[in-house]
Structure formats: C-alpha cells, structure tokens
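Colleague: Can you read through this structure? Questions will come right after.
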Amino acid sequence: MNKTAIITGGADGIGKSIFELFLLKDYNSVVIDKDSERIEDLRSKYKEKTLFFNADVSDYTMMERVFEEIYDTFNNIFVLVNNAGIHTHDLLENMSEEKWKNTININLNSVFNCSKFAVRYMKREKCGRIINISSMSAERGSYRHTHYCASKAGIVGFTKALAKEVGIYNITVNSVCPGIVVTKMQTDNLFYEKKDQWMKEMSIKRFGKPSDIANAVYFLSSEDAGWITGQSLHVNGGIVMH
C-alpha cells in the first residue's frame, strides 16, 4: 500500500514543489488549495495516485470532511505538510482587524484544523509525519509583519507542543523555516526593495528555490528522520543561524 501525503497550499510555489516530489517518490499525493484554477491545472496534468480539493483550510468543518474522504480513498494518512499561508504587509497601527484575523486563520488556525484530523488517522496506523511550514520571520521578526510573524511563531510553538503529545504513537512533528525563496508570493515590491540587503546577509549567495524546501520536507518525512521531532529546521542560506 502506498503511503499518502497531504500538502495544503499545494497548487503553486513551495507547495507544488513538495507535492511533485512526493508524487515522484511514489506517494499518494493530495493537494488542498483555495486556488480553483491552479487546482484544475494540476488535476488535468496528474491523473494517478492523486486527489485535489478546492477547499479552505481555515474552515474546521470542511477539513473534517476532506480528511475523512482522503482516508476513505487511500486507507492511510502518513504525511501532512501544513504549507498554506498568506503574506501581506502593514504597520500594526494601520492594520485592520480583518487583515489580522485573516492571516491568523489561514497561517495558524489551519495548522490546528489539519493536524487535528491528520492525528486522528495517524494514530490508527501508529505512525505519521507532520511538517509545518513556518518562516525565518518566526525568529528574527520582520518590519510591517506583526500578523505574519505572530502566525509563524505560533506554528513553531504548536509544533513543539504537539510533538510531545503524539510521540507515543510514533508520530513526529517538525517545522521547516524557509528564508528568502523565490516564488510568486515572495517576489513582490518588498522583495525588490530588500533583495540586495538580504543577499549581503546570506552566507550562501543565492536565493532559495522551492525545491530547497521540498527536499527538507521530504527528509523530515523519511525513516531517516524518525528520531527527529519537535524541531525547527531553518533552510535559509545562512541568513538566520542557531
């Protein structure tokens, strides 16, 4: 029986790279994403061992139904990658309540929703891997991003706490904290304003690629990483070091 990997926000950018890598590695690969057009593009391209859901990961009830359908289809859930997220800019004093709540809902509450239902099924198999995509901003902070940094720091704390709860079931929980990765979400005006400064700060003089993050995620899902849990793996070219 093939193992099943679920990738939220998997229709583009880092998420798509993760999805394609798991599919290449012979996993049943599932994408949950709100972008209906990109979901249909993937559905037309990939036919076997895949499921695609045009769904909102911040909707608790919807995710309960989605995870039930995934388990009923493939009879296992081995990997969950909580990748879905948004990244907007605003000073705290100018930020609307709606912008704050929307960021927390999509970036953090979705991690609660999806992890809760994934654990339900992983416990039945007594194994599983949850990998949460955080950010270097969880550690170093970022100007005009109190909402984003709070959501990504919350993911790191959630990761450590859940790892303590589910280790007894042979489920590991880790986070990956990307640095500056060139995707459509990252390459906005802020990227072009700050790219020279970021390049100076990095030890490895290139920006990240989605595949850099996908490879880290796949490692944490592997048997080789079976004794790693509650950790945050920074993949950033040296812009943040521990």
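Colleague: Just to be sure I follow the definition: excluding the sites themselves, where is the longest run in the chain that has none of the chymotrypsin sites (Phe, Trp or Tyr not before Pro) in a DSSP loop with at most 13 other Cβ atoms within 10 Å?
Modeller: 1-142
Colleague: Now a separate question. Rounded to the nearest 10 Å², what accessible area does S36 have for a 1.4 Å probe in the complete protein model?
Modeller: Surface open to solvent at S36 totals about 60 Å².
Colleague: Projected area of the chain, taken from the Cα convex hull and averaged over every viewing direction, in nm²?
Modeller: 12.8 nm²
Colleague: Are there GluC sites (Glu not before Pro) in the range 33-68 that DSSP marks as loop and that have at most 16 other Cβ atoms within 10 Å, and which are they?
Modeller: Here the GluC sites (Glu not before Pro) that fit, given the DSSP loop and packing criteria, are E48.
Colleague: Hey, what's the chain come to in accessible area per residue, 1.4 Å probe, Å²?
Modeller: 48 Å²
Colleague: Can you give me the Rg/Rh ratio for the range 139-231, using Cα atoms for both radii and the Kirkwood formula for Rh?
Modeller: Here Rg/Rh amounts to 1.03.
Colleague: Which longest run of the chain has no exposed loop site in it, a site being trypsin sites (Lys or Arg not before Pro) in a DSSP loop with at most 13 other beta carbons within 10 Å, and the site itself not part of the run?
Modeller: 48-125
Colleague: Given the rule -39500 (n - 2.57) for each run of at least 4 DSSP H residues, summed and divided by the residues of the chain, what is its mean residue ellipticity at 222 nm, to the nearest 500 deg cm²/dmol?
Modeller: -14500 deg cm²/dmol, from helical runs alone.
Colleague: Continuing with the same structure: Counting only residues 5 or more places away or on other chains, whose amide H sits under 5 Å from the amide H of I7 once H atoms are built in the peptide plane?
Modeller: Close amide H contacts, sequence-distant or interchain: V30, V31, I32, V81.
Colleague: Over the chain, with every protein chain in place, what whole percent of the accessible area is carbon and sulfur at 1.4 Å, could you tell me?
Modeller: 50 percent
Colleague: Follow-up. Taking θ = phi - 60°, what integer Hz values does the Karplus form 6.51 cos²θ - 1.76 cosθ + 1.60 yield along the range 153-164, in sequence order, with x for Gly and Pro?
Modeller: With the stated coefficients, the range 153-164 comes to 5, x, 4, 5, x, 4, 4, 5, 5, 5, 4, 5 Hz.
Colleague: What are the ³J(HN,Hα) values, in whole Hz, obtained from phi via the Karplus relation 6.51 cos²θ - 1.76 cosθ + 1.60 with θ = phi - 60°, for each residue of the range 46-52 in sequence order, with x given for Gly and Pro?
Modeller: Those phi angles translate into 10, 10, 9, 6, 9, 9, 10 Hz.
Colleague: How high is the relative contact order of the range 136-242? Use alpha-carbon pairs under 8 Å, at least six apart in sequence, and give a whole percent.
Modeller: 36 percent
Colleague: Helix 13-24: angle to the longest alpha-carbon principal axis of the chain, degrees 0 to 90, nearest 10?
Modeller: Roughly 30 degrees, rounded to the nearest 10.
Colleague: Quick one: compute the contact order of the chain, relative version, from alpha carbon pairs under 8 angstrom and 6+ residues apart, as a percent.
Modeller: Across the chain, relative contact order equals 20 percent.
Colleague: So for the range 67-190, averaging the separation of alpha carbon pairs under 8 Å that are six or more residues apart and normalising by length, what relative contact order in percent results?
Modeller: Contact order relative to length: 30 percent.
Colleague: If you put +1 on each Lys and Arg Cβ and -1 on each Asp and Glu Cβ, how big is the dipole of the chain around its Cα centre, in Debye rounded to 20?
Modeller: With Lys and Arg at +1 and Asp and Glu at -1, about 560 debye.
Colleague: Could you tell me whether the range 1-78 comes out rounded, prolate or oblate from its Cα gyration tensor? Rule is a ≥ b ≥ c as square roots of the eigenvalues, rounded for a/c under 1.5, then prolate if a/b exceeds b/c, otherwise oblate.
Modeller: Verdict is oblate for the range 1-78.
Colleague: Taking amide H atoms as placed 1.01 Å from N in the peptide plane, list the residues 5 or more away in sequence, or in a different chain, whose amide H sits under 5 Å from that of N132.
Modeller: Residues meeting the criterion, in which the H sits 1.01 Å from N, are N82, N174, S175, V176.
The values are calculated or read from the model by the stated rules, or taken from the named source; none is laboratory data. Source: prediction; values computed, not measured. Glycine gets a Cβ as well: all are built from the backbone with ideal geometry, and neighbour counts include every protein chain shown. Remember, those area values only see protein heavy atoms, side chains included, never the ligands or the DNA or RNA. Shrake-Rupley method; radii C 1.70, N 1.55, O 1.52, S 1.80 Å.
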